[in-house]
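Beneath this line is the structure, given in structure tokens, with notes to follow.
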Amino acid sequence: QLTPSSFLRIGQLSNVDLNEDIRELETELPRQHPNEIPHNEKLLSLKYESLDYDNSENQLFLEEERRINHTAFRTVEIKRWVICAMIGILTGLVACFIDIVVENLAGLKYRVVKGNIDKFTEKGGLSFSLLLWATLNASVVMVGSVIVAFIEPVAAGSGIPQIKCYLNGVKIPHVVRLKTLVIKVCGVILSVVGGLAVGKEGPMIHSGAVIAAGISQGRSTSLKRDFKIFEYFRRDTEKRDFVSAGAAAGVSAAFGAPVGGVLFSLEEGASFWNQFLTWRIFFASMISTFTLNSVLSVYHGNAWDLSSPGLINFGRFDNEKMGYTIQEIPIFIFMGVVGGILGALFNALNYWLTMFRIRYIHRPCLQVVEAMLVAAVTATVGFVMIYCSRDCQPIQGSTVAYPLQLFCADGEYNSMATAFFNTPEKSVVNLFHDPPGSYNPMTLGMFTLMYFFLACWTYGLTVSAGVFIPSLLIGAAWGRLFGISLSYLTKGSIWADPGKYALMGAAAQLGGIVRMTLSLTVIMMEATGNVTYGFPIMLVLMTAKIVGDYFVEGLYDMHIQLQSVPFLHWEAPVTSHSLTAREVMSTPVTCLRRIERVGTVVDILSDTSSNHNGFPVVESNPDATQVAGLRGLILRSQLIVLLKHKVFVERANLSLVQRRLKLKDFRDAYPRFPPIQSIHVSQDERECMIDLSEFMNPSPYTVPQEASLPRVFKLFRALGLRHLVVVDNRNEVVGMVTRKDLARYRLGKEGLEELSLAQT
């Protein structure tokens, strides 16, 4: 037994509650933090478990399903719609909250700094302004980074890779907890206000997913409150469908793009999909956009005008000025190529940076220091660029929120300041819509170069932040530069409007970094409110994806791989037909007999060397003539509930007079089943017998040992399994295929390669 004092993890100021695994503590206590963690990308981590997307059809489950009549199923269906509406409303409200708070805090910060700069420009001593700006940024980011690093590290980054893994069937610890949501929302507000090169759109997807997972369970395990509603949905299969709805609602709140949200969930998120789900998810997305729209309209004072559908609104592009002709299509394709190359460069740089971070910057205090450093550097770079820029534009007729005069003549403002001295969302809109001639090419070029490296350095810091908006901003800047140089070349003919090229550049850059095609096309079309550009945007995104994939994979897939997650793609590696189930499976398998001693069960579950989660149940005949054939499969979580409720009889020949467990007992323990160490079994109870026939799944999926790897993979992936039993021709268990056995094989540069498994 561990003493309570040893519950404080070394190096982390978190009290661990008992529901967490005690086993992981024992491995963490002895070793202090090393200076370098050896890490390479050819590893699969063993700390990730699978989710049970396959229902266990034991007798209890079947009895309950048979009791439910047709009208009860109809109420379940109605409940699903109600949950989707609630997901939409709450996601919309969270988005409003983020938007309003960021707007006010950032406005306050910019007003203070602007006043300071204006004061010191007259009487000299601008270094004070720089100091003030950098200090403000660093202190805000410090708070945002401390809460992430010390309270909930899962909330770092955009959260899209984590949600992608969750929907794929990997259980990422703490990913859909209430605590994560709170830290995520506060963290993203602080990092955007702190002036980092980040957007608040990516984290909305994670927030939506957490909201969905919370609402659909009808209770909060973090707050220890059970509302006794939606109990039917307390299992991984149902929770998964709602999480994909939450992700879609997050996208549609962020971009005001409900259809784009559904497609995003389909393309990037969900690994499992059906027709009914589409319609429900679309409903959640629509509700979320509508909620955001109405609340923000009331906030901005025009209650009946629903004009702000998303957190970022690219504004309308009018067709008269902005049409495109057939000879521009090759130009757009060329922009796609540039976007793909730049995106691949961004990903490659970020890859090396993340490897460095995993190896050396793994202590929370170092992570906070790094975040503060980036914040200070971002402010300094912005200040120096504004200071050195001599690009002045007349103030009248321009729509600049905080015009900085600096060394310009009266009635003019510094145009570099509009790019740096603003939240990234506003800068993107300015680049799209400012009239031709608002920006000097030199300004744009310098800005693109600087912002590219800043955004690359910022993604992967220990703050909550998205990569969508910085990518759009980089792309819009070089796209506008491209448009300006085109109109120079063509002596200023009408079709080279820089705003149009800014839009294409933004699409190309974002497509080159995250490699989304379908959903991104629709999101850009919905956010600009213009269908005319559908075709060129699609061309640009396809080119960017093809070119980028030639060099390096997308940013999210890369981060999933760097975290060594056993992620299963749609298809098995193409050259894997030579492998069979016998070579892939794990052996030997720990089997249980149908009527087993309690002591044996407790010993198997307590054995830390093999923390298996599923056990095949075999026939319990002791005589040697009969084969111990496979009878079913029982999960660790089910066994723990059985032991907790003491469902056993004293001798094998007693008839079962025990208290009947209901399915509800299993649902109430979900999702945090207690560890085996917390269950006390006395010496007498160890001699009792436990009958598993009622609780095991009597029809588990099996494959013969000769089945080829692609076939095993298809079965495993399509049904969302967690355990696949391998049997020989006498139906005896010879092995077990789990997610890690399949994720180990993947296509490398030289063909099929096998990853090693590691405990980290």
So if I check each of V101, V148, which one is in contact (Cβ under 8 Å) with a residue 40 or more places away in the chain and over 19 Å from the mean Cα position of the chain (by Cα)? V101
Which pairs have Cβ atoms under 9 Å, sit 6 or more apart or on different chains, and link a residue in the stretch 239-251 that is outside the structural domain of S220 (by the TED database) to one that is in a helix (DSSP H, G or I) and buried (at least 24 other Cβ atoms within 10 Å of the Cβ)? none
Just checking: which of the helices (runs of 4 or more DSSP H) contained wholly in the stretch 498-584 hold 2 or more residues that are open to solvent by 10 Å² or more (accessible area, probe 1.4 Å)? 518-528, 534-551, 555-562, 581-584
Mind checking which residues of the stretch 530-557 are in contact with a Pro (Cβ under 9 Å, 6 or more places away or on another chain) and of a type outside the set (D, E)? L555, Y556
All-but-one check, D99 against (1) more than 29 Å from S207 (Cβ to Cβ); (2) open to solvent by less than 30 Å² (accessible area, probe 1.4 Å), failing number (1)
Could you list all residues from the stretch 303-329 that are assigned to a loop (DSSP other than H, G, I, E, B), open to solvent by 30 Å² or more (accessible area, probe 1.4 Å) and modelled with pLDDT under 75? A303, W304, D305, L306, S307, P309, N313, R316, D318, G323
Quick check, is L555 aliphatic (A, V, I, L, M) and more than 15 Å from A348 (Cα to Cα)? no
Would it be correct to say that P566 is within 30 Å of K740 (Cα to Cα), touching a helix residue (DSSP H, G or I) at 6+ places or on another chain (Cβ under 8 Å) and in contact (Cβ under 8 Å) with a residue 24 or more places away in the chain? yes
Might you check whether a residue that is of a type in the set (G, A, S), surrounded by fewer than 19 Cβ atoms within 10 Å (Cβ to Cβ) and modelled with pLDDT under 80 occurs anywhere in the stretch 590-608? no
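Residue by residue, here is whether (1) touching a His at 6+ places or on another chain (Cβ under 9 Å); (2) outside the structural domain of G437 (by the TED database); (3) under 30 Å from L126 (Cβ atoms) holds:
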{"position": "F356", "(1), (2), (3)": "no, no, no"}
{"position": "R359", "(1), (2), (3)": "yes, no, no"}
{"position": "H362", "(1), (2), (3)": "yes, no, no"}
{"position": "G382", "(1), (2), (3)": "no, yes, yes"}
{"position": "C388", "(1), (2), (3)": "no, yes, yes"}
{"position": "D391", "(1), (2), (3)": "no, yes, yes"}
Residue among V192, V182 that alone is surrounded by fewer than 24 Cβ atoms within 10 Å (Cβ to Cβ) and not in a loop (DSSP other than H, G, I, E, B): V182
Starting from residues that are crowded, with 24+ Cβ neighbours inside 10 Å and among the hydrophobic types (A, V, I, L, M, F, W, C), keep the ones in the stretch 271-292 and report whichever is farthest from Q162 (Cα to Cα). L292
Take the conditions at pLDDT 75 or above and farther than 19 Å from K239 by Cα and apply them to H39. Does it pass? no
With of a type in the set (S, T, Y), within 24 Å of P203 (Cα to Cα) and either touching a Leu at 6+ places or on another chain (Cβ under 9 Å) or open to solvent by 20 Å² or more (accessible area, probe 1.4 Å) (or both) as the only criterion, which of S50, S45 stands out? S50
I'm trying to understand the selection: among the residues of the stretch 242-266, which are closer than 14 Å to N168 by Cβ and modelled with pLDDT under 90? S265, L266
Looking only at the stretch 680-704, which residues are free of Cβ contacts under 8 Å to residues at least 40 places away in the same chain and open to solvent by less than 70 Å² (accessible area, probe 1.4 Å)? S682
Say whether the condition of being within 30 Å of V143 (Cβ to Cβ) and in contact (Cβ under 8 Å) with a residue 40 or more places away in the chain is met by at least one residue in the stretch 489-502. no
Suppose we filter K79, K114, K119 for residues that are surrounded by fewer than 15 Cβ atoms within 10 Å (Cβ to Cβ) and not assigned by the TED database to the domain that holds V641; which single one remains? K119
Just to be sure before I move on: is F716 within 26 Å of the chain's Cα centre (by Cα) and part of a helix (DSSP H, G or I) in the structure I sent? yes
Taking helices (runs of 4 or more DSSP H) that do not extend beyond the stretch 377-478, which have at least 3 residues that are at pLDDT 80 or above and open to solvent by 20 Å² or more (accessible area, probe 1.4 Å)? 424-433, 441-458
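The values are calculated or read from the model by the stated rules, or taken from the named source; none is laboratory data. Here the structure is a predicted model, which means the values were calculated and not measured. In this analysis, Cβ positions are derived from the backbone assuming ideal geometry, glycine residues included, and neighbour counts consider all displayed protein chains. Remember, those area values only see protein heavy atoms, side chains included, never the ligands or the DNA or RNA. Shrake-Rupley method; radii C 1.70, N 1.55, O 1.52, S 1.80 Å.
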